[in-house]
Amino acid sequence: MKHLGFLMLILAMTLMVGGTALAQGDNSAYFVTYYSNANTTKAPDATLRIINDGDQSTTEIEGVPNGNLWASIYVFDDSQELQECCNCYVSSNGLLSESVNKELTSNELTGRAETSRGVIKVISSASNDPTNNVVVPGLRGWMTHIQAGATTGTYNETETPLADSNLVSAEQQALQMSCSFAFTLGSGYGVCSCTPEDHDF
C-alpha cells in the first residue's frame, strides 16, 4: 500500500510539473522556414501566416495600441542571396497573410520574379524598421509548403509552424545589413509588400 501511495505522489508531481510546463510559453523571437515551387506553372501559391500572440500586451484600455509588433521578413533564394525584405505590422490579436508569389518574391532585388525555392526568416520586432530591429517575443507563424506530387504537374500542400531559432547578434546584424543594402541599392526592387490585416491577398 505504501508503494501505491508513493507512486501516486510521483504521478501527481509529474502532472504538476508537466502542467506548469504546458502553461508556459517561450520567448522565441526568431523563426525560419522554407518555400518551394514558387512562381511555378500550375503550382498553387504558398502562404506565410503570422499572428500576434499577445506576449507584449499591456493594461491599456480598448482603442489604445496594445502590444503591437512588426514581422521583419527576409526572403532568400536557394543560393543564399537576399531577394526581398520588409516589415509588416501585426496588431494585438491580428493576422498577417503573405502570398509567396504575389508579395514575397514578386519584387526581387534582381528585378525578376523567378525564384522558385529558398528560405524565409522572420524576426519579431517592436520596431517598424527591418534594418534596425528591437527584438521582442510575441509573434507566431505558419507556412504552407508546395510539394511536387507523384504525377507530373500535380502538387501537394502541407502546413507547418515556423521553426523557433536562436538569433545570435551576428545573424541579426547580417540580416539588417543585407536588408539595408537592398533598400539603398535596389532602386525600389528588393522590398516585399504587406497585406493589410483585414484582407487576405
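The values are calculated or read from the model by the stated rules, or taken from the named source; none is laboratory data. No experiment lies behind these values; they were computed from the predicted model shown. Cβ sites come from the backbone with ideal geometry, for glycine too, and all protein chains shown count toward neighbours.
Which condition number does THR59 fail, the rest of (1) touching a His at 6+ places or on another chain (Cβ under 8 Å); (2) of a type in the set (Ser, Thr, Tyr); (3) at pLDDT below 95 being met?
So THR59 meets the others, but not (1).
Does THR195 fit the bill of being assigned to a loop (DSSP other than H, G, I, E, B), in contact with a helix residue (DSSP H, G or I) (Cβ under 8 Å, 6 or more places away or on another chain), over 18 Å from PHE76 (Cβ atoms) and at pLDDT below 95?
yes
It is to be established whether one or more residues within region 114-133 are surrounded by 18 or more Cβ atoms within 10 Å (Cβ to Cβ) and more than 17 Å from the chain's Cα centre (by Cα).
Within region 114-133, one or more residues are surrounded by 18 or more Cβ atoms within 10 Å (Cβ to Cβ) and more than 17 Å from the chain's Cα centre (by Cα).
State yes or no: is LEU175 assigned to a helix (DSSP H, G or I), modelled with pLDDT of 95 or more and surrounded by 12 or more Cβ atoms within 10 Å (Cβ to Cβ)?
yes
Answer with yes or no whether SER97 is at negative phi and touching an Asp or Glu at 6+ places or on another chain (Cβ under 8 Å).
yes
Suppose we keep only residues that are touching a residue at least 24 places away in the same chain (Cβ under 8 Å) and under 18 Å from VAL32 (Cα atoms) within region 148-170. Which one would you say is surrounded by the fewest Cβ atoms within 10 Å (Cβ to Cβ)?
My answer is ASN166.
Could you tell me whether SER72 is buried (at least 22 other Cβ atoms within 10 Å of the Cβ), modelled with pLDDT of 95 or more and on the phi < 0 side of the Ramachandran plot?
Spelling it out, SER72 is indeed buried (at least 22 other Cβ atoms within 10 Å of the Cβ), modelled with pLDDT of 95 or more and on the phi < 0 side of the Ramachandran plot.
What tally of residues in region 178-192 results from selecting those that are part of a loop (DSSP other than H, G, I, E, B) and either on the phi < 0 side of the Ramachandran plot or loosely packed, with under 15 Cβ neighbours inside 10 Å (or both)?
Residues that pass the stated criteria total 5.
For SER125, indicate whether it is within 22 Å of PHE181 (Cα to Cα), polar (S, T, N, Q) and in contact (Cβ under 8 Å) with a residue 24 or more places away in the chain.
yes
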